[in-house]
Structures are given as C-alpha cells and as structure tokens.
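What follows is a set of notes on a single structure, which appears directly below.
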Amino acid sequence: MDKKVERQKPVPLFYESVKLDCGFRADMVVDGVLAVELKCKESLHPVDEAQVLSHMRLLEIPLGLLINFHVLLLKDGVRRLVTNYREPVEARGACCQQYSPGNSPLFFASFANP
C-alpha cells in the first residue's frame with residue numbers, strides 16, 4: 001500500500017513556443033493520479049478551483065482534491081474535482097453519449113452535508 005507522494009511538484013507551462021519548466025507548483029501529487037491543493041482561508045473562491053483544474057490539466061491528472069483547513073469539521077473543507085470522466089461501458093445507457101477527452105464534462109463533488 002505504498003504511495004508515491006511528490007510535494008511542491010513543478011508544473012510545466014507552455015505558451016506558444018516558450019516552455020517554463022516551473023510555471024506553477026502543485027502542493028502534492030499522489031501516484032501521478034491525484035493532485036492535492038491545500039488551503040487555510042475563510043472561504044474558498046472560484047480561483048482556488050481554477051488553480052487545481054489548471055494543475056490537473058497541465059499534469060494530465062484526472063482527480064483533484066482542494067482541502068481547506070480553516071473549517072470546524074474537516075469534511076466541510078474537502079472538495080473533489082474530476083476531469084475526463086468516463087462512465088464504464090456496461091453502465092452506459094442508450095441515451096448516454098460517449099465523451100471525447102477534449103469536450104468531456106467536469107464534475108464537482110463535495111463531502112460536506114447539504
């Protein structure tokens with residue numbers, strides 16, 4: 001059950017013909033499949049989600065967690081982000097369409113109680 005965790009992982013940034021090896025830094029990347037961004041602030045803003053989504057897109061990582069420690073219950077501060085979601089073929093009904101990675105929807109989930 002060993003997991004490889006990279007802290008402060010450099011996120012390369014490409015713009016036209018320019019490549020920056022370290023345009024951003026992801027707080028943590030777990031096994032190359034989960035980007036984790038840690039915050040401690042009164043409330044999360046859309047720019048915080050955009051930051052995680054940028055890291056996920058640039059590192060080609062499908063899952064992300066945005067965790068805010070400035071809450072009474074930690075479960076209220078956890079936000080899960082998923083990109084390039086593909087429903088298993090056997091669960092897909094006739095009315096569902098298959099998404100290509102370029103236009104797949106983005107799903108948000110929160111662990112907080114409504």
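Some points to look at:
- The length gained by stretching the chain between L38 and V78 to full extension, at 0.36 nm per residue less their Cα-Cα distance, is 13.4 nm.
- The stretch 37-84: GluC sites (Glu not before Pro) in DSSP loop, at most 11 other beta carbons within 10 Å: E42, E60
- Label separation (D2 vs L63): 2.0 nm, computed from points 7 Å beyond Cα along the C-beta direction.
- By the count of other C-beta atoms within 10 Å, a proxy for reagent exposure, D76, D48, D21 are ordered fewest to most as D21, D76, D48.
- Counting beta carbons within 10 Å around each of M1, M56, M28 and listing the fewest first gives the order M1, M28, M56.
We did not get these values from a lab; they are worked out from the coordinates using the rules stated. This structure is a prediction, so every number in the text was calculated from the model and none was measured. All Cβ positions, glycine included, derive from the backbone under ideal geometry; neighbour counts span all protein chains shown.
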